[in-house]
Amino acid sequence: MNGSTVSEFLILGLTQRPGLQHLLFVLFLGLYLVAFLGNSLIVVAIVLHSPLHTPMYLLLLALATVDIVCTTTILPKMLAAMLPSGRAISYTGCMAQLFLFTWALGAEMVLFTAMAYDRYVAICFPLRYHALMSRATCATLLGLVAGIALTNSCVHTGLILRLRFCGPNAVDHFFCEIPPLLALSCSPVRLNEVMVHVADITLAVGDFSLTCLSYGFILAAILRIRSAQGKRRAFSTCSAHLLVVVLYYTPVIYTYIRPATAYSFARDKIVAALYTLVTPTLNPIVYSFRNKEMQAGIRKVMAFLKR
């Protein structure tokens, strides 16, 4: 542990008020079940339903998998921390949670960009879609997603592992996140902050800009559609996607763009809940459950379960 005297951390959670603990426990248990079951249903539907074996749905499959990893990394321990005996997390467990969450965070941002590009090609170049979004292209995109996310996670986790933690050991958050860990370190954290800013600008701001650019071209193409019904349907889909993207990126950029001394953990925990808990719950609803082909796949899964 590089000279750290801390062998475990205490997760303080969202609030210390006993009156809210029971309500929050029920609320976040419900969120976790919805996110886990919804995303798992998407994974099974896409795997079992052969008409969904296309680039668009393979990207959705990857997004659902990332959301399962993200919520399962955070929520079970978060729920345990609401119990008096469940707040402790070992140093190794904390670093593992940080690694998995940072991987999921990076993967989700790059996936949003890849999915926006897929929709851009489908709407703006429909006749060339299969050539531009071939299986090889899709595999390359997924490889880039995994590679960029893994690099991002290794860099940040490696830099945290270099730090010394001499005490106190109370993480003022609901999981082992970079900002509250930097606040606990008794080592210089300037390099960590610089790399967090670099990642925020390249991954968060960069991917958000590329995603918005893709949807800008998509909206321009939608406006050229002659059918009013076609315009409404396409605009409804794109606006829902954009809403989720903005809801995800805004708190991420807000959280990581500032130095550690500027954090207000009481406020930042609520902000973090948006991109760690709310967005993974919304993704299945916005990206999948409103889609007729996906509904057919889900019906196939339900029929299989009944048998």
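Name the helices (complete DSSP H segments) of the chain with a Cα length along the long axis of 20 Å or more and a Kyte-Doolittle mean of at least -0.5, or state none.
Length and hydropathy pass: 18-48, 55-81, 91-124, 135-161, 206-223, 228-256, 292-306.
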(request) Given the options ALA136, ALA107, ALA80, state which has the largest fluctuation in a GNM of the chain using a 10 Å cut-off (strictly under) for Cα springs. (result) ALA136
(request) Would you mind telling me the share, in percent, of accessible area of segment 137-260 contributed by carbon and sulfur at probe 1.4 angstrom? (result) 71 percent
(request) Subtracting the Cα-Cα distance from 0.36 nm times the residue separation, let me have the gained length for THR92 to THR202 in nm, one decimal. (result) 36.8 nm
(message) Taking amide H atoms as placed 1.01 Å from N in the peptide plane, list the residues 5 or more away in sequence, or in a different chain, whose amide H sits under 5 Å from that of ALA170.
(response) LEU10
(message) At 1.4 Å probe size, with the rest of the protein present, what percent of the exposed accessible area of segment 14-56 is carbon and sulfur atoms?
(response) 81 percent
(message) If I model a spin label at ARG128 and ARG224 as a point 7 Å from the Cα along the Cα→Cβ vector, what separation in nanometres do I get?
(response) 1.2 nm
(request) Could you tell me the accessible area of ARG267 in Å² (1.4 Å probe, neighbours in place), rounded to the nearest ten? (result) 110 Å²
(message) For the chain, set up a GNM with springs between Cα atoms under 10 Å and report which of LEU79, LEU98, LEU243 has the largest fluctuation.
(response) LEU243
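Hey, if we sort THR202, THR113 by accessible area with the 1.4 Å probe, largest down, what's the order?
THR202, THR113
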(message) Running a GNM on the chain with Cα contacts under 10 Å, which residue among PRO280, PRO55, PRO18 ends up with the highest mean-square fluctuation?
(response) PRO18
(request) With label points built 7 Å along Cα→Cβ from the Cα atoms of CYS166 and THR151, find their separation and express it in nm. (result) 3.6 nm
(request) Along Cα→Cβ, 7 Å out, is where each label goes; now give me the distance between the ones at LEU83 and SER40 in nm to one decimal. (result) 1.9 nm
(request) Please work out the Cα center distance from segment 219-251 to segment 2-58, rounded to the nearest Å. (result) 27 Å
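Once you list every other residue whose beta carbon is under 11 Å from the beta carbon of PRO55, what net charge do they have if Lys and Arg are +1 and Asp and Glu are -1? Could the numbers behind the result be given before it?
Values: positive: ARG119, ARG135; negative: ASP118.
Charge balance in the 11 Å sphere: +1.
With the Cα gyration tensor of the chain in hand, convert its eigenvalues to equivalent ellipsoid semi-axes via √(5λ) and list them largest first in whole Å. Numbers along the way, then the final one.
Numbers: eigenvalues 264, 99, 60 Å².
After diagonalising the Cα gyration tensor, the semi-axes are 36, 22, 17 Å.
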(request) Kindly point out, ordered by number, any Cys in the chain whose beta-carbon has no other cysteine beta-carbon under 4.7 Å away. (result) CYS70, CYS124, CYS138, CYS154, CYS212, CYS238
(request) Please work out whether segment 8-83 counts as rounded, prolate or oblate from its C-alpha gyration tensor, where a ≥ b ≥ c are the square roots of the eigenvalues and a/c under 1.5 means rounded, while otherwise a/b larger than b/c means prolate and anything else oblate? (result) prolate
(request) Kindly report the accessible area of the chain per residue (heavy atoms of protein chains, probe 1.4 Å, no ligands, DNA or RNA), in Å². (result) 46 Å²
(request) Two decimals is fine: what's Rg over Rh for segment 1-156, C-alpha atoms, Kirkwood radius as Rh? (result) 1.08
(message) Taking 35 Å as R0, compute the FRET efficiency from the Cβ-Cβ separation of THR250 and LEU305 and round it to 0.05.
(response) 0.40
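The values are calculated or read from the model by the stated rules, or taken from the named source; none is laboratory data. Just so it is clear, the model here is predicted, and its values are computed rather than measured. Don't worry about glycine lacking a Cβ; one is built from the backbone with ideal geometry, like all the others, and counts go over all protein chains shown. Just so you know, the surface numbers come from the protein's heavy atoms only, side chains and all, with ligands and any DNA or RNA stripped out. Shrake-Rupley method; radii C 1.70, N 1.55, O 1.52, S 1.80 Å.
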